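Below is one structure, written out as structure tokens; the observations come after it.
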């Protein structure tokens with residue numbers, strides 16, 4: 001579906017999961033965004049043209065153009081100012097012209113991963129690590145062996161398996177091959193972030209040597225200052241990148257950072273992709289405080305409206321939410337939000353407004369797993385997976401929202417507004433007159449309260465008058 005709204009500007013985005021490759025793709029003197037989307041149904045590598053250049057901060061982008069099939073593990077680095085795109089143990093030569101069609105093997109990658117189990121991220125970048133004039137490779141990959149996958153809570157909701165790991169290896173260029181020199185250390189220990197390290201090695205603090213900034217599987221970035229020299233890097237213990245607002249966090253999780261002097265001001269910025277397909281600029285201010293460069297909090301890029309989009313795994317429900325005679329959309333997404341997408345003209349096809357996040361009692365709706373709300377553990381803490389329907393649940397003539405989520409708790413948001421101007425109260429449980437204890441899935445570490453309805457996560461509660469008795473029933 002298209003927005004069909006030529007004057008509209010929306011968040012820039014691809015489908016499920018953004019792997020950003022910032023570069024001057026069209027060689028016109030400003031930086032564009034190339035973004036790999038490895039998942040379905042929007043799989044592809046997409047070119048977003050920067051149509052305002054450096055005259056606007058942040059710039060405005062054109063709708064995306066698909067240039068190749070999507071892939072995971074893609075990383076961009078720069079050699080003599082030219083972008084080089086690497087994958088899992090390969091370089092994709094002549095990327096701007098050839099896409100992924102000219103892979104060149106760099107290293108027998110299986111041998112690097114062999115000692116570890118459940119590796120999901122393998123991220124390679126060229127870097128002249130010891131300033132000897134040739135380009136080595138740093139490799140970030142994660143390790144899920146200690147974490148497992150699911151169902152590892154005790155009866156109090158504590159995760160009893162280990163954490164995710166995210167390591168960085170150095171592959172030294174010997175002139176004939178790349179030799180594995182082992183894990184890069186910081187503070188006397190191997191660098192180990194919470195999964196998906198996506199290492200960026202640049203001179204972020206402007207002191208002439210190369211530092212490291214890593215992402216993770218959740219939402220934070222970790223700073224490792226080079227306290228050695230350009231020729232002999234030594235890294236201090238990692239610290240989360242912060243500013244006066246606190247630790248800088250992305251809106252969702254499964255973040256993928258890339259590093260580039262985005263705005264041409266002489267310092268290295270971060271371009272970071274989110275799981276929901278959006279991409280943000282985290283701008284380097286060019287100021288160092290407490291031995292850490294200061295960055296501006298994430299600003300999500302914007303584009304001319306193209307395809308209708310609300311996060312990832314959107315769950316649209318068609319209803320006349322604003323009572324103006326045409327069908328709007330109420331949608332959930334992976335982030336646990338709910339949005340109203342207004343039908344502006346009732347046309348065929350309709351013209352749509354940008355998504356507006358719904359609020360309850362003045363606060364944006366955001367249902368998240370937290371540390372123990374997902375069967376797959378604390379690595380899923382910022383996902384919510386809202387699935388919903390809209391119906392007059394309490395028979396007062398106004399449409400309410402009935403929702404399930406990652407928790408499996410079936411809730412409803414009562415509409416206490418008036419026709420044409422909905423307003424939501426805080427969520428409350430859907431009540432059931434159970435005969436005996438309420439049932440719940442066997443893998444739950446927690447038990448529902450009396451009268452509470454819980455079920456498998458991400459199953460849609462469909463509210464309708466199923467039996468024709470004039471009351472709203474619930475089909476799960």
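Brief remarks on what is shown
- Residues in region 422-437 that are free of Cβ contacts under 8 Å to residues at least 24 places away in the same chain and surrounded by 15 or more Cβ atoms within 10 Å (Cβ to Cβ): 2 in all.
- Wholly enclosed strands (runs of 3 or more DSSP E) of region 39-87 bearing at least 3 residues within 21 Å of residue 123 (Cβ to Cβ) and in the same structural domain as residue 123 (by TED's automatic domain parsing): 44-48, 75-79, 82-86
- Every pair of residues 6+ apart whose Cβ atoms lie under 8 Å, when the first sits in region 355-376 and is on the phi > 0 side of the Ramachandran plot while the second is buried (at least 16 other Cβ atoms within 10 Å of the Cβ) and in a strand (DSSP E or B): 361/424
- Flag if residue 108 is surrounded by 14 or more Cβ atoms within 10 Å (Cβ to Cβ), more than 15 Å from residue 23 (Cβ to Cβ), without any contact (Cβ under 8 Å) to a residue 24 or more places away in the chain and more than 25 Å from the chain's Cα centre (by Cα): no
- Restricting 204, 217 to residues that are crowded, with 17+ Cβ neighbours inside 10 Å, modelled with pLDDT of 95 or more, in contact with a helix residue (DSSP H, G or I) (Cβ under 6 Å, 6 or more places away or on another chain) and in a loop (DSSP other than H, G, I, E, B) narrows the list to 217.
- In region 92-125, residue nearest to residue 139 (Cα to Cα) [restricted to those that are at pLDDT 95 or above and out of contact with any strand residue (DSSP E or B) (no Cβ under 9 Å at 6 or more places or on another chain)]: 94
- Scanning region 263-297 for residues that are in a loop (DSSP other than H, G, I, E, B) and closer than 21 Å to residue 51 by Cα gives 263, 264, 265, 277, 283.
- Filter pass, residue 317 being in a loop (DSSP other than H, G, I, E, B) and either in contact with a strand residue (DSSP E or B) (Cβ under 8 Å, 6 or more places away or on another chain) or modelled with pLDDT under 95 (or both): no
- Selection count, region 168-188, where residues are touching a residue at least 40 places away in the same chain (Cβ under 8 Å) and either outside the structural domain of residue 111 (by TED's automatic domain parsing) or part of a strand (DSSP E or B) (or both): 9
- Test for residue 35: is it assigned by TED's automatic domain parsing to the domain that holds residue 76 and in contact with a strand residue (DSSP E or B) (Cβ under 9 Å, 6 or more places away or on another chain): yes
The values are calculated or read from the model by the stated rules, or taken from the named source; none is laboratory data. Quick caveat, the model's predicted, so the values are computed rather than measured. Please note: Cβ atoms are built from the backbone with ideal geometry, for glycine as well, and neighbour counts cover all protein chains shown.
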